[in-house]
Amino acid sequence: MSFVSRGFHRRHTEPGQEGRVPPGQYVTTDFPVLSAGPTPHRPLENWTFSITGEIDEPLRWTWDEFRALPSENITKDIHCVTKWSKLDTRWEGVSIDTLLDGVETSAEFVVAFSDGGYTTNLPLADLKGGKAWVAFGFEDEPLEPEHGGPARLLVPHLYFWKSAKWVRGLQLREDDEPGFWEGYGYHNYGDPWLEQRYAGD
């Protein structure tokens, strides 16, 4: 069985797009589906999102509570470590800034955790300041399960494996703990403009 599923047709970068496409990437109009396991299907009545770790009181939202939070429309380019980029993707989601509003923490790092056991690690600074969201909509439709629905992390300035599908929460940490793909040799940070695909890049 293939560890990573792939489903896309190669496209080439068009003139005028070069400044938006990191080195080694090509532009696709498809939205490839890549995952390390089966697609979870959790009923919304059983869905929750939590923030735990280095905070005084853990935070938790049901789906209805989460959807009642202020949301934003976001248009961003996204870049996959497998070298495709998709430009001007349109999302709707709740900013991490909104979720962390009023939270005091000594944490400098975050582990995002998801249904299916997936995790990925990020510096907390890369989730704040209008840089990241928990997205539940894509192209004016609910986010499909194959693309991470009902909700996924969206961190568009890093390679897309950092935008964890089926996200269920954030653990705030004082130390950095590598996540799933990072433990298999992917780069700990994942800046597409520096081609940080694998450890040592």
Matching residues in segment 167-201 (closer than 15 Å to V111 by Cβ, touching a residue at least 12 places away in the same chain (Cβ under 8 Å) and not β-branched (V, I, T)) number 19
Notebook entry, point to check: Regarding G185, is this residue at positive phi and of a type outside the set (V, I, T)?
Noted result: yes
Taking segment 74-119 and keeping residues farther than 15 Å from H147 by Cα and charged (D, E, K, R) leaves K76, D77, K83, D88, D97, D101, E104, E108
Among the residues of segment 35-71, the number that are under 21 Å from F136 (Cβ atoms), over 16 Å from the mean Cα position of the chain (by Cα) and in a strand (DSSP E or B) is 6
Of the candidates D140, D176, the one satisfying the condition of being among the charged types (D, E, K, R), out of contact with any helix residue (DSSP H, G or I) (no Cβ under 6 Å at 6 or more places or on another chain) and farther than 23 Å from L194 by Cβ is D140
If we ask which residues in segment 85-108 are under 21 Å from P123 (Cβ atoms) and either of a type outside the set (D, E, K, R) or touching a helix residue (DSSP H, G or I) at 6+ places or on another chain (Cβ under 8 Å) (or both), their number turns out to be 13
Requested in this report: Return a yes/no flag: does segment 69-85 have any residue that is among the aliphatic types (A, V, I, L, M) and over 30 Å from W193 (Cβ atoms).
Outcome: yes
Taking segment 75-98 and keeping only residues that are over 14 Å from V167 (Cα atoms), without any contact (Cβ under 8 Å) to a residue 60 or more places away in the chain and not polar (S, T, N, Q), one is left with K83, K86, D88, R90, E92, D97
Checked segment 1-35 for anything closer than 28 Å to F109 by Cα and at pLDDT below 65; matches are F3, V4
Scanning segment 184-197 residue by residue, those exposed (fewer than 13 other Cβ atoms within 10 Å of the Cβ) and out of contact with any Pro (no Cβ under 7 Å at 6 or more places or on another chain) turn out to be Y184, G185, L194
Filter segment 108-143 for residues that are out of contact with any Ser or Thr (no Cβ under 9 Å at 6 or more places or on another chain) and among the acidic types (D, E); the one that is nearest to I96 (Cα to Cα) is D126
The one condition G129 fails out of (1) surrounded by 14 or more Cβ atoms within 10 Å (Cβ to Cβ); (2) within 26 Å of D191 (Cα to Cα) is (1)
When every residue in segment 103-126 that is of a type in the set (G, A, S) and closer than 19 Å to G179 by Cβ is compared, the one surrounded by the most Cβ atoms within 10 Å (Cβ to Cβ) is A112
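The values are calculated or read from the model by the stated rules, or taken from the named source; none is laboratory data. This is a predicted model, so every value here is computed, not measured. So basically every Cβ, Gly included, is an ideal-geometry build from the backbone, and we count neighbours across all protein chains shown.
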